[in-house]
Amino acid sequence: MTVTADPGSYDLDALRSRVLPHDEGAVDDSIPSLAAADPRLCAIALALPDGTVRGSSHSDTAFTMQSSVKPFLFALALLDTDGDALHRVGIEPTGEAFDAIKLESGTGRPPNPMVNAGALLTASLVDGDDGKARSNRILQGLSAFAGRPLEIDERTAEEEREHGERNHALAHLMRAEDTLHVTADDAVEVYGRACAVLVDVEALAVMGATLALGGVNPVTRERVLPASVARDVVSVMATCGVYDGSGTWMRRVGVPAKSSVSGAVVLAAPRTLGAAVLSPPLDDQGTSVRGRIASEVLSDDLGLHVFAT
Ligand code: GLU
């Protein structure tokens, strides 16, 4: 019989040492600040329902959220539109890359909120009269998930702006389909700034825990969003969070998660905990190699697989 370890005393540095020798994968080179990341970097954190946050060594290393921001943008869009965002974006997996230039056939909506088209749209649905106000609202909303004030890395935001051709293409396509109601420039700017929000694995684990625990931040005890919204977001993470690798991820790890090009992975284990792993080298599907392996081991050791009996 498998013995399930206690997350409160689980040895995160031993897990880190176990995954470190895996040096496969490549660091994303889409923008200079991501390309400069140290490929040996690895950090892991857990956030538990009693508000305990536990990190391995290097868990205070800051990195930009990139696509790990997408579940939280979806959450904020659902919150600020009273659920209407659910009708504005699909929720079906695409089986394609994160930046595929493709919308849902028949509706012209983005396929789901976990790919770039969807996140460009959800970021545009957050409250605010203009891009600046929406970006501020996003930063304030993400800070509530993290339980502390977050900041934007302006250099990364600038690089996102300069290198966002595919995001511009997606935004223009949605304008043509009449599904995006802000300008393409505005949508790309606000989404790019959200990708450039700085966190560390401890903050990201708390954000994951807030989703996993029905919308209540376990550290601040603040209800950040209704349980029904948290449930919708976690459901879509489960089916679409790891792009075209989501099926394999659910079978093997069995924990709703979101990957990102910075090498961050955020996990929301329903009713149990939030976790985050950072390690920049990515596999072919854009998921952190060590992030995937650490998540598999964590899931096995802590008994996190949602379908395990
Ligand atoms: N900023 C990246 C983009 O929009 C995020 C993609 C990712 O992390 O998967 O292209």
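In region 1-85, counting only helices (runs of 4 or more DSSP H) that sit wholly within it, the ones holding 2 or more residues that are closer than 20 Å to Ser260 by Cα, open to solvent by less than 60 Å² (accessible area, probe 1.4 Å) and within 16 Å of the ligand (Cβ to nearest atom) span 32-35, 70-80. Reported count of residues in region 194-231, each being surrounded by fewer than 19 Cβ atoms within 10 Å (Cβ to Cβ) and charged (D, E, K, R), is 4. Scanning region 245-282 for residues that are surrounded by fewer than 21 Cβ atoms within 10 Å (Cβ to Cβ), more than 12 Å from the ligand (Cβ to nearest atom) and farther than 20 Å from Leu48 by Cβ yields Gly247, Thr248, Met250, Arg251, Arg252. Among the residues examined, Leu298 qualifies as open to solvent by less than 10 Å² (accessible area, probe 1.4 Å) and either under 24 Å from Ser57 (Cβ atoms) or touching a residue at least 40 places away in the same chain (Cβ under 8 Å) (or both). Has region 211-229 got at least one residue that is within 16 Å of the ligand (Cβ to nearest atom) and touching a residue at least 60 places away in the same chain (Cβ under 8 Å)? Looking through region 211-229, none of the residues is within 16 Å of the ligand (Cβ to nearest atom) and touching a residue at least 60 places away in the same chain (Cβ under 8 Å).
Is it true that Glu177 is more than 16 Å from the ligand (Cβ to nearest atom), at pLDDT 95 or above, surrounded by fewer than 21 Cβ atoms within 10 Å (Cβ to Cβ) and under 25 Å from Ser246 (Cβ atoms)? First the steps, then the outcome.
Values: more than 16 Å from the ligand (Cβ to nearest atom): yes; at pLDDT 95 or above: yes; surrounded by fewer than 21 Cβ atoms within 10 Å (Cβ to Cβ): yes; under 25 Å from Ser246 (Cβ atoms): yes.
So Glu177 fits the description; yes.
The values are calculated or read from the model by the stated rules, or taken from the named source; none is laboratory data. On a predicted model such as this, the values are computed, not experimentally measured, just so you know. FYI the Cβ positions are ideal-geometry reconstructions off the backbone, even for glycines, and counts take in every protein chain you see. Please note that ligands, DNA and RNA were not included when accessible areas were found on the heavy atoms of the full protein model with its side chains. Shrake-Rupley method; radii C 1.70, N 1.55, O 1.52, S 1.80 Å.
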